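Q: Got a structure for you, questions after.
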Amino acid sequence: MDIHIRPAVEENDFAAMQKIFREVIRNGDSYVFYADTPEEDAREYWFGQGVRSFVAEDSSGILGMYKLIQNQRDRGSHVANASFMIHQKHRARGLGTLLGKHSLAEAKKSGFLAMQFNFVISANIPAVRLWEKLGFFIAGTLPKAFRHEKLGLTDVYVMYRLLDDI
Ligand SMILES: CC(C)(COP(=O)(O)OP(=O)(O)OC[C@H]1O[C@@H](n2cnc3c(N)ncnc32)[C@H](O)[C@@H]1OP(=O)(O)O)[C@@H](O)C(=O)NCCC(=O)NCCS
């Protein structure tokens, strides 16, 4: 795989990133956003204050992206949070693993001590498996916290890992 991961540049990358964002949220199975989420909300999500976004690209363009942010302010600011989206066409080829590892290294480099995912849909098997593979554990289950497009009320996991070994 000839994939390059780099910081996202709003002016150049947002259009391509928005396409992936739209495609992901349309399915209603992995993120809380409704399909008609306004463009400005998407922009804020990927480029708002305190957000650092990264894209994975090859010669054909942007294939996926993630964002890194503090999970909490002040006394919780040593814990990172990240969100990932890979274009449907490019999934199950190792890109998620690549971006996940990149985010852990980037979080460690930035001084974070841990990473927390607040809202992993329990039915999102590729995501749960990926995060477990990358050392996260399920810290807790939020019963029926997500209204899944197809499955209805669905449990959500909080997943967590320290960054000591990164
Ligand atoms: C979750 C997501 C980021 C994974 O990205 P990906 O590029 O498909 O992941 P990879 O190819 O690196 O696969 C990672 C692991 O996921 C698991 N996996 C991937 N696709 C799978 C599938 N269809 N069924 C079961 N497990 C799967 C495997 O354990 C795989 O590890 P392995 O290849 O070592 O066995 C991607 O599917 C995605 O963007 N989904 C939509 C948005 C989303 O759910 N984001 C995460 C929210 S928490």
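Q: What list of ³J(HN,Hα) values in whole Hz, one per residue of the range 61-76 in order, does the Karplus curve 6.51 cos²θ - 1.76 cosθ + 1.60 (θ = phi - 60°) give from phi, with Gly and Pro shown as x?
A: Along the range 61-76, the couplings run x, 7, 9, x, 7, 9, 10, 10, 7, 5, 6, 9, 7, 6, 6, x Hz.
Q: Could you calculate the contour length gain from ASN12 to ALA114, that is, 0.36 nm times the residue separation minus the distance between their Cα atoms, to one decimal place in nm?
A: Net length gain for the segment: 33.6 nm.
Q: Would you calculate, for the chain, the mean residue ellipticity at 222 nm contributed by helices, counting each DSSP H stretch of 4 or more residues as -39,500 (n - 2.57) and dividing by all residues, to the nearest 500?
A: Calculated mean residue ellipticity at 222 nm is -9500 deg cm²/dmol.
Q: Compute the relative contact order of the chain as a whole-number percentage, counting only Cα pairs closer than 8 Å that sit 6 or more residues apart in sequence.
A: Averaging sequence separation for qualifying contacts and normalising by length gives 19 percent for the chain.
Q: Further, regarding this structure: Under the 0.36 nm per residue contour assumption, what length would be gained going from the current alpha-carbon distance of ALA35 and SER77 to full extension?
A: Stretched fully, the ALA35-SER77 segment lengthens by 12.1 nm.
Q: With just the Cα atoms of the chain, tell me how far they stretch along each of the three principal axes, in Å, largest first.
A: 39, 39, 32
Q: Pull up the DSSP beta bridges for the chain and report the antiparallel fraction as a percent, rounded to 5.
A: Details: 32 of 34 bridges.
Among the beta bridges of the chain, antiparallel pairing accounts for roughly 95 percent.
Q: If you keep only loop residues by DSSP, which trypsin sites (Lys or Arg not before Pro) in the range 72-143 have at most 15 other Cβ atoms within 10 Å of their Cβ?
A: Values: sites: ARG73, ARG75, LYS89, ARG91, ARG93, LYS101, LYS108, LYS109, ARG129, LYS133; in loops: ARG73, ARG91, ARG93.
Answer in residue order: ARG73, ARG91, ARG93.
Q: Explain nothing, just compute: Karplus ³J(HN,Hα) = 6.51 cos²θ - 1.76 cosθ + 1.60, θ = phi - 60°, for every residue of the range 146-162 in order, whole Hz, x for Gly and Pro.
A: With coefficients 6.51, -1.76 and 1.60, one gets 10, 9, 6, 3, 9, 9, x, 4, 9, 5, 10, 9, 9, 10, 8, 8, 6 Hz.
Q: Turning to a different aspect of this structure: Amide H neighbours of PHE119 under 5 Å, at least 5 residues apart or on other chains, H built in the peptide plane: list them.
A: Long-range HN contacts for PHE119: MET159.
Q: Could I ask something else about it? Would you mind calculating the relative contact order of the range 46-94 from Cα pairs under 8 angstrom and at least 6 residues apart, reporting the percent as a whole number?
A: 27 percent
Q: Go through the range 1-54 and name the chymotrypsin sites (Phe, Trp or Tyr not before Pro) that are in a DSSP coil and have 15 or fewer other Cβ atoms within 10 Å of their Cβ. Let's see the in-between values first.
A: On the way: sites: PHE14, PHE21, TYR31, PHE33, TYR34, TYR45, TRP46, PHE47, PHE54; in loops: TYR31, PHE33, TYR34.
Answer by residue number: TYR34.
Q: Which ³J(HN,Hα) values, rounded to whole Hz and listed in residue order, are derived for the range 118-128 from phi using the Karplus coefficients 6.51, -1.76 and 1.60 in 6.51 cos²θ - 1.76 cosθ + 1.60 with θ = phi - 60°, glycine and proline given as x?
A: 8, 8, 9, 5, 4, 7, 8, 4, x, 5, 4
Laboratory data are not the source of any read-out in this text; all were calculated from the coordinates shown. Bear in mind the structure is a predicted one, so any value in this text is a computation, not a measurement. For neighbour counting, all protein chains shown are included, and Cβ atoms are generated from backbone atoms with ideal geometry for every residue, glycine included.
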